[in-house]
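The values are calculated or read from the model by the stated rules, or taken from the named source; none is laboratory data. Small disclaimer: the values here were computed from a predicted structure and weren't measured. In this analysis, Cβ positions are derived from the backbone assuming ideal geometry, glycine residues included, and neighbour counts consider all displayed protein chains. These accessible areas exclude ligands, DNA and RNA; they are computed on the full protein's heavy atoms, side chains included. Shrake-Rupley method; radii C 1.70, N 1.55, O 1.52, S 1.80 Å.
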Amino acid sequence: MNKSSTTNLVALLLVIIGHFAAQPVVFAIGLFALSGAVTNWLAVHMLFEKVPGLYGSGVIPARFEDFKIGIRELMMKQFFTKENIDRFLSDDKGGAASINLEPVIEKVDLNPAFDGLVDVIENSQFGGMLAMVGGSEALQPMREPFIEKMKSAVKDITQTDDFHTNLRESLEGDSNIAHMQEKVSDIIQQRLDELTPQLVKEIIQDMIRKHLGWLVVWGGVFGGVIGCIAALTKTF
């Protein structure tokens, strides 16, 4: 059982115990905790799933094309710049015969990509709810896992035989760097087109749900504290 389910179950048990034991304070703590936990759980769920009638749900799958564009632009601006291609072609040993981008990928700073994802979430309909549980700081624990996943995905794209073959043919058959960049961009786009929204969704979903599970936990904790205060001050 994950953190979200455990939090919801504990809150529900407090509601039941408080109701049948005629304990208004326990009942209020459980009710407010359940409300906070379920609300945050629903917010995380709605990042990935389109819920009929709820505007703004399914924001990540809806931005799938933007996600692909971001990867393509990242590779073109970081890896296949004019300077890098020119240096590659001027290699006396013929660099086009053997391509290994892993060392380059490891050195690339993917923090801007993570910041972009955070910006998408903050500027979506969930921004206000996220602000209630700490804002962008609540997402920081997933920065390193996100960067590792992104590097792994980029490595997979650049290590396929088709990618190597097409890239070598493009680089070795034409000395026009601008034309080469266009061809490389097309190759990357073709590979990205093989990605499905479901695959990308699963990659990000597993990572985010693991770390955003604490949003549900803290939603339950803060809700329970508010419920306790409300019950003790007779405002509930």
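Between the DSSP loop rule and a limit of at most 14 other Cβ atoms within 10 Å, which chymotrypsin sites (Phe, Trp or Tyr not before Pro) in the stretch 25-64 are left? Walk me through the intermediate numbers first.
Numbers: sites: Phe27, Phe32, Trp41, Phe48, Tyr55, Phe64; in loops: Tyr55.
Here the chymotrypsin sites (Phe, Trp or Tyr not before Pro) that fit, given the DSSP loop and packing criteria, are Tyr55.
Compute the FRET efficiency between Asp186 and Glu144 as 1/(1 + (r/R0)^6), taking r as their Cβ-Cβ distance and R0 = 45 Å, and round to the nearest 0.05.
Details: r = 32 Å, r/R0 = 0.72.
For Asp186 and Glu144, the calculated efficiency is 0.90.
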Inset, instruction - Subtract the Cα-Cα distance of Tyr55 and Ser136 from 0.36 nm times their separation in residues, and report this length gain in nm to one decimal. - result: 27.0 nm
Inset, instruction - Between Thr81 and Asp156, take the C-beta separation as r, use R0 = 30 Å, and let me know the FRET efficiency to the nearest 0.05. - result: 0.85
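Between Leu13 and Asp115, what's the calculated FRET efficiency when r is the beta-carbon distance and R0 is 41 Å? Round to 0.05. Present the calculation step by step, with values, prior to reporting the outcome.
Working: r = 39 Å, r/R0 = 0.96.
Between Leu13 and Asp115 the formula returns 0.55.
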Legend entry - Solvent-accessible surface (1.4 angstrom probe) belonging to Ile229, in square angstrom, nearest 10: 100
